[in-house]
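Read through the structure below, which is laid out as structure tokens, and then see the notes.
The values are calculated or read from the model by the stated rules, or taken from the named source; none is laboratory data. Just so you know, these numbers come straight off a predicted model, no measurement behind them. Don't worry about glycine lacking a Cβ; one is built from the backbone with ideal geometry, like all the others, and counts go over all protein chains shown. Surface areas here come from the heavy atoms of the whole protein model, side chains and all, with no ligands, DNA or RNA. Shrake-Rupley method; radii C 1.70, N 1.55, O 1.52, S 1.80 Å.
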Amino acid sequence: MSNVTVIGAQWGDEGKGKIVDWLASRAEIVVRFQGGHNAGHTLVVGNQTYKLSLLPSGLVRGKMGIIGNGVVVDPEALLGEIDRVRAQGLPVGPDTLRIAENATLILPVHGALDRAREIARGDRKIGTTGRGIGPAYEDKVARRAIRLCDLAEPETLDWKLDEILLHHNTLLAGLGAETFAKDQLLAYLLELAPRLLPYVEPVWERLDEARRAGTRVLFEGAQAVMLDVDHGTYPFVTSSNTVAANAATGSGVGPGAVGFVLGIAKAYATRVGAGPFPSELFDETGQLLGQRGHEFGTVTGRPRRCGWFDAVLVRRAVRVGGITGLALTKLDVLDGFAEIRVCTGYRLDGQEVRHLPAAPAAQSRVEPIYETIEGWQGSTRGARTWGELPAAAIKYVRRIEELVEAPVTLLSTSPERDDTILMRDPFEG
């Protein structure tokens, strides 16, 4: 049996929640390996709707959840999320949730700096959620981060806060924002420590034991490949690596443990916030996609920009993200369109190019090259077999496979968990 890693193949919000929930029911352990509470999954189980930002999705199925060292953890956000799902009847405690002892903490000063810098950017905002994710990762790389294990050592917190505030208060003052007092932050952390430390362990040991025992593990990514800090539309990206390779680094396992890599992609394209979006639609069709797809961010509530499927970017995600097969979601949103367009290339300064350039100015100048595909008038909503799909819908899926150079191994036809067509079981490798 193989492990499975799930990543987004576009700009996030591809409907990973439903797919991860479906897979989590067949795994024993579910691991979050990067990002913070700037990402979100919406899971519908029975009559309950769970909105998760930090908690691994497998918890709603009674599975062991692990938050890996690659995640940056806002302690208040985490504890608030635990309290919220407990109030919905979901038991979450140290027996079901473990957190890497070497995971970096997000402090209030990180969010303050994040927001102050975004305001200072003026017209050049990058669309950050303002939740401190980027500054926390910066502290990690700069070797001044406070990690969960530090909560057990007040003397360590003392000198680390000196270093953090020397850096961040200088920046905050320069931006005209309020600075932070060490005593307040120290008291804040010491108050939270007793609630957080029971969850903490060297999770790499637990995952190594799972590997030796042949236990099924699902690695759950946040955001998507086009938001990867190296491979995405930089600088309009998140602050971590979202590709499958980081499932190993962000969890404490070897690269061979990531298993089958399932990339999630919508049958069209959306994006939240600023940044290049070559196939974006500014007309009634774009508005219709947004209305049909209920395109609003799970965490931010911001309306998503909508456009046609961009096969160029998804093909790149397949290659750099290590994607073995695609899960194509929201096919039903395209029901009733007479024609559907797919971006198959770009035109840059009069020349045809087959990939999105890395430089921001060049990215802003690319024009999409479209292929028009026949639409379908029948309904795909709720289909659970190929035979229930209109012939034109099947042709559309097959054309996407050709263009992105990866098989569609799973097809989602509604938000309902069981409205899924499975071509290949990821856990079978």
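I'm told Asp83 meets every condition in (1) of a type outside the set (Gly, Ala, Ser); (2) open to solvent by 30 Å² or more (accessible area, probe 1.4 Å); (3) not in a helix (DSSP H, G or I) except one. Can you identify the failing condition by its number? Among (1) of a type outside the set (Gly, Ala, Ser); (2) open to solvent by 30 Å² or more (accessible area, probe 1.4 Å); (3) not in a helix (DSSP H, G or I), the lone unmet condition for Asp83 is (3). Taking the criterion of being part of a helix (DSSP H, G or I) and touching a Leu at 6+ places or on another chain (Cβ under 8 Å), the residues of region 303-332 that qualify are Ala311, Val312, Leu313, Val314, Arg315, Arg316, Val318, Leu331. Restricting region 60-78 to residues that are assigned to a helix (DSSP H, G or I) and open to solvent by 10 Å² or more (accessible area, probe 1.4 Å) leaves a set whose member that is farthest from Ala245 (Cα to Cα) is Glu76. If the condition is being open to solvent by 60 Å² or more (accessible area, probe 1.4 Å) and either in contact (Cβ under 8 Å) with a residue 60 or more places away in the chain or not in a loop (DSSP other than H, G, I, E, B) (or both), then region 133-144 contributes Glu138, Lys140, Val141. Can you pull out the residues in region 333-364 that are in a strand (DSSP E or B) and touching a Phe, Trp or Tyr at 6+ places or on another chain (Cβ under 8 Å)? Listed by number, the residues that qualify are Ile340, Arg341, Val342, Cys343, Thr344, Glu352, Val353. Of all residue pairs spaced 6 or more apart or on separate chains, those with beta-carbon atoms under 6 Å, a first member in region 101-118 that is over 9 Å from Gly132 (Cβ atoms) and a second member that is in a helix (DSSP H, G or I) and open to solvent by 10 Å² or more (accessible area, probe 1.4 Å) are Glu101/Cys149; Thr104/Lys140. Could you look through region 1-41, keep only residues that are within 25 Å of Phe309 (Cβ to Cβ) and in a strand (DSSP E or B), and pick out the one that is modelled with the lowest pLDDT? Among residues in region 1-41 that are within 25 Å of Phe309 (Cβ to Cβ) and in a strand (DSSP E or B), the one modelled with the lowest pLDDT is His41.
Candidates Ile394, Ile373, Ile400: the one that is out of contact with any strand residue (DSSP E or B) (no Cβ under 9 Å at 6 or more places or on another chain), among the β-branched types (Val, Ile, Thr) and under 14 Å from Ala267 (Cα atoms) is Ile394.
Being in contact (Cβ under 8 Å) with a residue 60 or more places away in the chain and either more than 25 Å from Glu153 (Cβ to Cβ) or open to solvent by 60 Å² or more (accessible area, probe 1.4 Å) (or both) is the requirement here; does Ala222 meet it? Yes. Looking across region 272-281, not a single residue is surrounded by fewer than 18 Cβ atoms within 10 Å (Cβ to Cβ), modelled with pLDDT of 95 or more and assigned to a loop (DSSP other than H, G, I, E, B). If you check Asp228, Asp310 for being crowded, with 24+ Cβ neighbours inside 10 Å and under 16 Å from the mean Cα position of the chain (by Cα), only one passes: Asp228. Scanning region 372-421 for residues that are closer than 15 Å to Asp21 by Cα and open to solvent by 80 Å² or more (accessible area, probe 1.4 Å) yields Pro415, Glu416, Asp418.
When region 346-367 is limited to residues that are open to solvent by 40 Å² or more (accessible area, probe 1.4 Å) and closer than 30 Å to Lys395 by Cβ, the one that is modelled with the lowest pLDDT turns out to be Arg354. Exactly one residue among Val92, Val44 is over 21 Å from Gly134 (Cβ atoms), out of contact with any strand residue (DSSP E or B) (no Cβ under 6 Å at 6 or more places or on another chain) and not in a loop (DSSP other than H, G, I, E, B), and that residue is Val44.
Go through Gly130, Gly111 for me and flag whichever is under 19 Å from Gly80 (Cβ atoms) and assigned to a loop (DSSP other than H, G, I, E, B). Unique residue meeting the criteria: Gly130.
Rundown of residues vs (1) touching a Pro at 6+ places or on another chain (Cβ under 6 Å); (2) assigned to a loop (DSSP other than H, G, I, E, B); (3) farther than 19 Å from Pro56 by Cα, yes/no style:
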site: Val229; (1), (2), (3): no, yes, yes
site: Ser239; (1), (2), (3): no, yes, yes
site: Thr242; (1), (2), (3): no, yes, no
site: Gly252; (1), (2), (3): no, yes, no
site: Ala257; (1), (2), (3): no, no, no
site: Ala265; (1), (2), (3): no, no, yes
site: Gln287; (1), (2), (3): no, no, yes
site: Gly290; (1), (2), (3): no, no, yes
